[in-house]
């Protein structure tokens, strides 16, 4: 009896660990899209989920045409990245560049939300070709995990490491940090602000698209879920918890959200947990767990 | 009601509901913050009112209870988010979408709703007059000062947090009136508030113009026409979103700015 109880506890612990690793890496990858665009432009990119929706649509389209999963995944990431850049150029750039006016700095925010709503209303809901998504099971501590979930989690973690290194150790990252710290000084130093916005939109959207592809191809993930709303909401909660302008902080925030969600029984209740964490962190930690005081001070008001 | 007047009644219902949600969003926008989830308070009020109506509570009592619940929720949200930066406030308001997705209520046909749109239209017009008077009052000037330059407002002794809490609570109250009255709409469906309610409210404000309290009502009329017109009815959500996007980029002052430009010439 005692041995049985021990095995059951071990099983639950393994399941929780797998859940946290899977959800945390997805949320982190999606959240750093918000953090990257906020660092570059100083406004929240509400339209970020468009890249995820475009990626899911592309994966669905490619899988329905019997393409292998890796081609479908790659195509999804590419489609999401292109969609993100198009949104930045067609919607956010005009709203940003014509700042001021009666709407003031809220203009890119409202334009982003309108673009998201328009895309959501016009784009058809992608169908999940479930027959193409069963590619074997990994056994971890007696717990069966779909192979695609494990591969997706590893891809997300590798992408997270790559983005952190890109921002820390490349010329692009230096430019981005300079722009986040003092946009006027960055311009004076010769950093091209618009090329930086395009590169950031490409990187952020590719991250969001990879997270969406991983979520979309997770075989059992959508069971019992009324709407796949958790990715944007959890991403927003992660950046609110961690701090809007810091990528490592957003990653930590994402794993906190994923850990908090394992304590609720249903998929829809996990949305409520993310929403509650979002509001509580803004009420009690307005600058996040790891405030980056010098970044985006212009937005303090 | 004769069948021929049904589209007209629907037009008035939608005008009143969107106008009230838009006025609530306008009050918060005047304070320098963008409320992206004001329709959640309408959904909360509807979710509080509908079960009371179903149990036979007098309509007026049920509606007042719904408005009160929405205003309390607005005050709590205002207390939580009033100190936040503009980006963080917008983030917090997005969390209200989770409320819009999770609230449940019996639909209009289940409740056998047969209310008149006159009440909601009257409420919207009264709210616009009230918002206009508020904008001219001392509290209204305080809110505008906070919205225009928070630091300057603080320097002259204005408390921006209190101004924002007041604006968010009033905005939630107006959305609550819309939500409570919408329960009596024969086509009432609480899921209509999911995101589309927020977009319709914001579209009303931006299309109409943020300069005065009449702007959201003018914008609400356009949104209501798009919702009942046979040409755009099927894709009303997309039309609202595209209209909002176009107005935000091309015409941030809304249709009011066209008239003011023409008057200046």
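Summary of computed values
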quantity: Any hit, the range B:44-56, residues being within 14 Å of chain A (Cβ to nearest Cβ), under 17 Å from residue B:201 (Cβ atoms) and at pLDDT 95 or above; calculated: yes
quantity: Any helices (runs of 4 or more DSSP H) falling wholly within the range A:1-98 and containing at least 3 residues that are surrounded by fewer than 24 Cβ atoms within 10 Å (Cβ to Cβ) and modelled with pLDDT of 95 or more; calculated: A:69-87
quantity: Residue within the range A:262-276 that is part of a loop (DSSP other than H, G, I, E, B), away from every other protein chain (no Cβ under 14 Å), over 20 Å from the mean Cα position of the chain (by Cα) and at pLDDT below 90 present; calculated: yes
quantity: Residue A:120 part of a helix (DSSP H, G or I), in contact (Cβ under 8 Å) with a residue 60 or more places away in the chain and surrounded by 19 or more Cβ atoms within 10 Å (Cβ to Cβ); calculated: no
quantity: Output for the range A:277-300, where each listed residue is farther than 17 Å from residue B:93 by Cα, loosely packed, with under 15 Cβ neighbours inside 10 Å and either modelled with pLDDT of 85 or more or within 9 Å of chain B (Cβ to nearest Cβ) (or both); calculated: A:300
quantity: From A:201, A:240, A:183, residue being within 28 Å of residue A:112 (Cα to Cα), within 14 Å of another protein chain (Cβ to nearest Cβ) and touching a helix residue (DSSP H, G or I) at 6+ places or on another chain (Cβ under 8 Å); calculated: A:240
quantity: Residue that is nearest to residue A:43 (Cα to Cα) [pool: residues in the range B:85-113 that are within 8 Å of chain A (Cβ to nearest Cβ) and more than 18 Å from the chain's Cα centre (by Cα)]; calculated: B:87
quantity: Filtered residues of the range A:216-240 (kept if closer than 21 Å to residue A:253 by Cβ and at pLDDT 80 or above); calculated: A:231, A:232, A:233, A:234, A:235, A:236, A:237, A:238, A:239, A:240
quantity: Counted residues, the range A:252-261 - those being within 13 Å of chain B (Cβ to nearest Cβ) and modelled with pLDDT of 90 or more; calculated: 2
quantity: Pairs with Cβ under 6 Å, 6+ apart, first in the range B:235-255 and within 7 Å of another protein chain (Cβ to nearest Cβ), second surrounded by fewer than 23 Cβ atoms within 10 Å (Cβ to Cβ) and outside any helix (DSSP H, G or I); calculated: B:252/A:101; B:252/A:102; B:253/A:102
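Residue-wise test of (1) out of contact with any helix residue (DSSP H, G or I) (no Cβ under 7 Å at 6 or more places or on another chain); (2) surrounded by fewer than 18 Cβ atoms within 10 Å (Cβ to Cβ); (3) touching a residue at least 12 places away in the same chain (Cβ under 8 Å).
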residue: B:124; (1), (2), (3): no, no, yes
residue: B:133; (1), (2), (3): yes, yes, no
residue: B:144; (1), (2), (3): no, yes, yes
residue: B:157; (1), (2), (3): yes, yes, no
residue: B:161; (1), (2), (3): yes, yes, yes
residue: B:181; (1), (2), (3): no, no, yes
residue: B:187; (1), (2), (3): no, yes, yes
residue: B:196; (1), (2), (3): no, no, yes
residue: B:208; (1), (2), (3): no, no, yes
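So that you can scan it fast, the table gives a plain yes or no per residue for (1) within 17 Å of residue B:38 (Cα to Cα); (2) under 12 Å from the mean Cα position of the chain (by Cα):
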{"site": "B:177", "(1), (2)": "yes, yes"}
{"site": "B:190", "(1), (2)": "yes, no"}
{"site": "B:204", "(1), (2)": "yes, yes"}
{"site": "B:212", "(1), (2)": "no, no"}
{"site": "B:222", "(1), (2)": "no, no"}
{"site": "B:225", "(1), (2)": "no, no"}
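The values are calculated or read from the model by the stated rules, or taken from the named source; none is laboratory data. No experiment lies behind these values; they were computed from the predicted model shown. Please note: Cβ atoms are built from the backbone with ideal geometry, for glycine as well, and neighbour counts cover all protein chains shown.
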